Amino acid sequence: MQRRVSAALVTGLMVVMGAFATGSFAKNKNDKSLPPYIVNAHTIAVVIDPSAGVSLDDPRANEVARKDVETALLNWGRFMPMTGTPGADLIIVIRKGHAKTVDDTVIGPPTNNRPGVINPMDNGVSAGIQRGTQAGVPDASSQGGSAHTQAEIGSVEDSFIVYDGAIKDPLDSSPGWRYTAKDGLHSHNVPAVDEFRKAVVAADKAAAAKNP
């Protein structure tokens, strides 16, 4: 009897651990419900996931994705992208998926070094020449140690996660909205931004219906 109970307990723990690993206790994978702080936001900062390594096969993948997301946000016109997180109502953390489950990456160089000015243009964004680590965003390099290669295990799907920029340590809080999909950060059309736009429009319509 005791052996059966122990086996059941182990099985239960495995199910719980699996649920945490797959995000079953979090919001749905492509959740479209929005908290008020997203609907009422005006400014937004786009950063690369600080824990993301630099792929040896495509070292600029995350930088290009960040620019594509900022361009798509500018074209939408709902939020004004900022170069730093201080003062941003929302913080979007993006990360390109891996070409394969285990990928060789470099850990150490700053992932959020970027130009200091974002300006809208007809064909995208123009950035100034001032460079430096994006304020308020931790980097792998800030943890000390020199750059080194490692085998990084990660998802093949791109991720786009929205956090409340007005709270302390926003990246340590629960996200307000997320989108993960293969090629979700695909250049030019950027499906993640399109899905975010749809969610915001739906939230606006729901709010208008409640308060005609």
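The values are calculated or read from the model by the stated rules, or taken from the named source; none is laboratory data. Since we're looking at a predicted model, the values are computed, not measured. Positions of Cβ are generated from backbone atoms using ideal geometry, with glycine treated the same way; all protein chains shown enter the neighbour counts.
General remarks:
- Answer residue from the stretch 53-86, given it is part of a loop (DSSP other than H, G, I, E, B) and in contact (Cβ under 8 Å) with a residue 60 or more places away in the chain and is farthest from TRP177 (Cα to Cα) among those: LEU56
- Screening the stretch 32-50 for residues that are under 15 Å from ALA192 (Cβ atoms), in contact with a Gly (Cβ under 9 Å, 6 or more places away or on another chain) and not in a strand (DSSP E or B) and picking the one that is modelled with the lowest pLDDT gives LEU34.
For every residue, the table says whether it meets (1) modelled with pLDDT of 85 or more; (2) crowded, with 16+ Cβ neighbours inside 10 Å; (3) hydrophobic (A, V, I, L, M, F, W, C).
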position: MET14; (1), (2), (3): no, no, yes
position: LYS27; (1), (2), (3): no, no, no
position: GLY53; (1), (2), (3): no, yes, no
position: ASN62; (1), (2), (3): yes, yes, no
position: PHE79; (1), (2), (3): yes, yes, yes
position: THR85; (1), (2), (3): yes, yes, no
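- Residue list for the stretch 87-113, restricted to those being of a type in the set (D, E, K, R), under 13 Å from HIS42 (Cα atoms) and either at pLDDT below 70 or surrounded by 23 or more Cβ atoms within 10 Å (Cβ to Cβ) (or both): none
- The residue of the stretch 170-203 that is surrounded by the most Cβ atoms within 10 Å (Cβ to Cβ), among those that are touching a strand residue (DSSP E or B) at 6+ places or on another chain (Cβ under 7 Å), outside any loop (DSSP other than H, G, I, E, B) and of a type in the set (A, V, I, L, M, F, W, C), is ALA192.
- Qualifying residue in the stretch 156-168 (condition: of a type in the set (Lys, Arg) and modelled with pLDDT under 90): no
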